[in-house]
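Everything on this sheet refers to the single structure shown next.
The values are calculated or read from the model by the stated rules, or taken from the named source; none is laboratory data. Just so it is clear, the structure is predicted and the values come from calculations on it, not from any experiment. Quick reminder, even Gly has a Cβ in these numbers, built from the backbone with ideal geometry, and neighbours come from all protein chains shown.
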Amino acid sequence: MTEEWKLQVSIKSSASKDADMINIRANTADELSVLLEGIGDYSTQIAATSKKIAQAYTVLPLSTTSSTTSTTQVQSYPTIQVSAASDTGVEETVHDRYGNVWVYNKPGAPTCVRGIMVLKSAISKEGKPYKCWSDPAAGPRWSGARIPKEQHAPVVWA
């Protein structure tokens with residue numbers, strides 16, 4: 001049996017060089033569009049399954065470098081230039097102009113179709129602090145094409 005298709009998209013998480021790859025194959029652009037939309041709907045479930053599989057291979061506990069948290073409140077946050085999140089795996093904290101704190105490359109972060117999700121810490125309109133994992137396209141370092149909010153991966157509450 002031969003498999004023939006005209007279009008293929010391969011998605012591999014940048015979290016690790018050993019990450020699983022998902023191949024989406026179609027014969028028409030319309031079929032590919034429907035399949036890509038469908039895989040986006042399941043991205044959180046796919047990421048969770050991939051994480052469980054990766055944990056099954058973990059033999060030794062992971063070690064992380066210690067960091068010091070400042071207790072000084074910063075009064076204003078600089079507006080940052082938008083650029084792609086690094087693939088170095090080094091944790092990076094960014095403050096946006098609204099006072100939200102975004103942590104990139106956080107160990108154990110879930111993934112979505114656009115890569116490693118970003119940990120966002122913010123204050124709700126009601127004044128309550130919250131943390132959630134957000135689609136990288138929602139963060140201040142996103143440099144790709146603008147993605148409408150309704151097409152972002154679902155928020156994962158931390």
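I'd like to check something: does the stretch 97-119 contain any residue that is of a type in the set (S, T, N, Q) and either closer than 23 Å to GLU37 by Cβ or touching a Cys at 6+ places or on another chain (Cβ under 6 Å) (or both)? Let's see the steps before the verdict.
Taking the stretch 97-119 as the starting set, the residues that turn out to be of a type in the set (S, T, N, Q) are 100, 105, 111.
After this cut, where a residue has to be either closer than 23 Å to GLU37 by Cβ or touching a Cys at 6+ places or on another chain (Cβ under 6 Å) (or both) as well, the list is 111.
Scanning the stretch 97-119, I find at least one residue that is of a type in the set (S, T, N, Q) and either closer than 23 Å to GLU37 by Cβ or touching a Cys at 6+ places or on another chain (Cβ under 6 Å) (or both), so the answer is yes.
Being assigned to a loop (DSSP other than H, G, I, E, B) and charged (D, E, K, R) is the filter here; which residues of the stretch 124-148 pass it? Break it down into steps so the answer makes sense when it comes.
Going through the stretch 124-148, the residues assigned to a loop (DSSP other than H, G, I, E, B) turn out to be 124-128, 135, 139-148.
Across the stretch 124-148, the qualifying residues are LYS125, GLU126, LYS128, ASP135, ARG141, ARG146.
Kindly list the number of the only condition in (1) surrounded by 14 or more Cβ atoms within 10 Å (Cβ to Cβ); (2) modelled with pLDDT under 75 that fails for LEU36.
Here LEU36 clears every test but (2).
Restricting attention to the stretch 96-111, which residues are surrounded by fewer than 16 Cβ atoms within 10 Å (Cβ to Cβ) and of a type in the set (D, E, K, R)? Reasoning before the result, please.
First pass over the stretch 96-111, keeping only residues surrounded by fewer than 16 Cβ atoms within 10 Å (Cβ to Cβ): 97-99, 101, 107-108.
Listed by number, the list holds a single entry, ARG97.
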